[in-house]
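Only one structure is covered here, and it is reproduced in the block below.
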Amino acid sequence: MHFPVNGDYIDIHVHDGTPVSGNFILETLMAHERKVPLDIPGVAYTYGIHPWFLKENNYKNLLLSVERFVSHPDIIAIGEAGFDRLKGPSPEIQRIVFEKQIVIAEEFRKPVVIHCVRAWEELLAVHKKLKPKMPWLIHGFRGNAELADQLLSKGMFLSFWFEFILREESGDLLRHLPLDRIFLETDGADIDIRSVYNKVAADRNISVDELKSIILKNFNKWLIG
Ligand SMILES: [Zn+2]
């Protein structure tokens, strides 16, 4: 089991990442990929069913995989899981499979990484219904301050879409948000997480070292729930 240490750049959402000294990555394993966690320094895993790859005839098997892997020591979170109104099967199937993953996350006390595209009502309805104790992290966030506030009020953490964060205009939102609820990510794209940290530190007028230590604290809080 590996955890980030002081001074690491935490990249909270990665696909097919390569471990780099000084970085800590949360690598995403999607159940349909049939990959297994590997014991690598600087890498922890989240495991779940991505809504894009969900089908009516495969979700029961995929849920069995989630149940099988959830107690693996290198899998520290469930996800990415959630809703996508533009891709994937019917909202009803998406809801059933998402709710099941939340129940598993609660039972095993794992936090959750959320993928949500244009389905915030559905997401908030599940939160209201299941009242999870383990915190949710919205990955790839690119919404406005009003939506951010609504999600934060439910105890969620936000990790931003890197393209959005690197744009000049994201500064206003970044200055508005509480730093103790944010994460940064590359989503496995070909960019350096360090440039994302540099942009946010500049927007908030703090040093990169301060930002790193804030995000490390967020990580530990998110994990414990
Ligand atoms: Zn992803």
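In table form, for the structure just shown:
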| read-out | value |
| --- | --- |
| Residue match in the stretch 17-34 (condition: more than 30 Å from Glu210 (Cα to Cα), modelled with pLDDT under 95 and of a type outside the set (S, T, N, Q)) | yes |
| Every residue from the stretch 185-217 that is open to solvent by less than 10 Å² (accessible area, probe 1.4 Å) and out of contact with any Asp or Glu (no Cβ under 7 Å at 6 or more places or on another chain) | Val196, Tyr197, Val200, Ala201, Leu211, Ile215 |
| Failed condition for Leu64, given (1) within 16 Å of the ligand (Cβ to nearest atom); (2) free of Cβ contacts under 8 Å to residues at least 12 places away in the same chain | (1) |
| Subset of the stretch 180-199 [away from the ligand (no atom under 15 Å from the Cβ), touching a residue at least 60 places away in the same chain (Cβ under 8 Å) and hydroxyl-bearing (Ser, Thr, Tyr)] | Tyr197 |
| Residue ranges of strands (runs of 3 or more DSSP E) in the stretch 1-93 with at least 1 members of a type in the set (D, E, K, R) and open to solvent by less than 20 Å² (accessible area, probe 1.4 Å) | 9-14, 23-30, 75-84 |
| Failed item, numbered, when Ile114 is tested on (1) open to solvent by less than 10 Å² (accessible area, probe 1.4 Å); (2) within 16 Å of the ligand (Cβ to nearest atom); (3) assigned to a helix (DSSP H, G or I) | (3) |
| Identity of the residue in the stretch 124-168, within 16 Å of the ligand (Cβ to nearest atom) and in a helix (DSSP H, G or I), that ends up most open to solvent (accessible area, probe 1.4 Å) | Glu163 |
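The values are calculated or read from the model by the stated rules, or taken from the named source; none is laboratory data. Note that the coordinates shown come from a computational prediction; the quantities given were computed from them, not determined experimentally. Positions of Cβ are generated from backbone atoms using ideal geometry, with glycine treated the same way; all protein chains shown enter the neighbour counts. Calculation scope for accessible area: heavy atoms of the full protein, side chains included, ligands and nucleic acids excluded. Shrake-Rupley method; radii C 1.70, N 1.55, O 1.52, S 1.80 Å.
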